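The values are calculated or read from the model by the stated rules, or taken from the named source; none is laboratory data. Owing to the predicted nature of the structure, the values given are computational and were not obtained by experimental measurement. Virtual Cβ from ideal backbone geometry, glycine too; neighbours counted across all protein chains shown. We work out accessible area using only protein heavy atoms, side chains counted, and drop any ligands, DNA or RNA first. Shrake-Rupley method; radii C 1.70, N 1.55, O 1.52, S 1.80 Å.
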Amino acid sequence: MLTRKQLDLLRFIQSRMQECGVPPSFDEMKDALDLKSKSGIHRLITALEERGFLRRLPNRARAIEVIRIPESLAQPAAPVPEPRRFTPSVVEGGKSKQPAVPPPMPASARMIDEAGRAVSIPVMGRIAAGTPVSAIQNQSHAITLSPDFLAGGEHYALEVRGDSMVEAGILDGDLVVIRKQDTANTGDIIVALIDDEEATLKRLRRRGSSIALEAANPAYETRVLGPDRVQIQGRLVSLVRRY
């Protein structure tokens, strides 16, 4: 799934190529999405390329090819949206007035079976345990778990992509069950939203007033960020692995 900002950029590139036959420049994309620097556009394009929506052609200026578009863009063409600030619906934070995501689970997602054991948990997409990828905001399906694997409160699950948490026993393809909360203790493994754009699964450490996101793999460096750049989406409580 794509974040709102990724979807806006893909829509803008597609619209410009339909109108002019060439993709927009990075400055045009930056202005269209109301970003302060082109580095944000680089991150968005990289994320779209990793997901198979775009392809950059080497040794050619402004060479971007749209490979595929999501179903929402395959509908009858709609006007390109006005530039807007990113309003993530993935997590509740000071920069967004949108409800926190995952949204409140419907009754069907909280139902317990007749024996009082099985609880349905929504799977909200994928999370990176490696280089951060875009936050996920749409439910893909659900899994059923015993309450023994849960803590109190609301929960959601994410599919792990990457290997930065292997020494914590979290492997590529695992499902992590997250208790929805916006605070955590040092040493907790959390889902962190960075700069309102990128989500990752890391161990939380406090370094003075800064926040360190620590991998469980020596191949990855610990990222130390200001507290205003990191928003906690939840804490790891369980892990599901299929064989």
Open item on the list: Suppose we filter Leu213, Leu193 for residues that are over 26 Å from Ser120 (Cβ atoms), buried (at least 20 other Cβ atoms within 10 Å of the Cβ) and among the aliphatic types (A, V, I, L, M); which single one remains?
Closed with: Leu213
Open item on the list: What's the number of the only condition in (1) among the hydrophobic types (A, V, I, L, M, F, W, C); (2) at pLDDT 80 or above; (3) in a loop (DSSP other than H, G, I, E, B) that Val90 fails to meet?
Closed with: (2)
Open item on the list: Looking only at region 167-178, filter to residues that are free of Cβ contacts under 8 Å to residues at least 60 places away in the same chain and crowded, with 18+ Cβ neighbours inside 10 Å; which one of those is nearest to Ala216 (Cα to Cα)?
Closed with: Ala168
Open item on the list: I'd like the residue in region 128-155 that is at pLDDT 80 or above and of a type in the set (A, V, I, L, M) and, out of all such residues, is surrounded by the most Cβ atoms within 10 Å (Cβ to Cβ).
Closed with: Leu145
Open item on the list: Given the criteria aliphatic (A, V, I, L, M), assigned to a strand (DSSP E or B), at pLDDT 85 or above and in contact with a Phe, Trp or Tyr (Cβ under 8 Å, 6 or more places away or on another chain), does Val123 qualify?
Closed with: yes
TODO: May I ask you to list the residues in region 1-33 that are modelled with pLDDT of 80 or more, open to solvent by less than 30 Å² (accessible area, probe 1.4 Å), within 27 Å of Met124 (Cβ to Cβ) and of a type in the set (A, V, I, L, M, F, W, C)?
DONE: Leu9, Leu10, Phe12, Ile13, Leu33
- [ ] Taking only region 34-58 into account, find how many residues are open to solvent by 80 Å² or more (accessible area, probe 1.4 Å) and within 14 Å of Glu198 (Cβ to Cβ).
- [x] 3
Task: Output for region 53-83, where each listed residue is at pLDDT below 80 and under 18 Å from the mean Cα position of the chain (by Cα) - done: Pro70
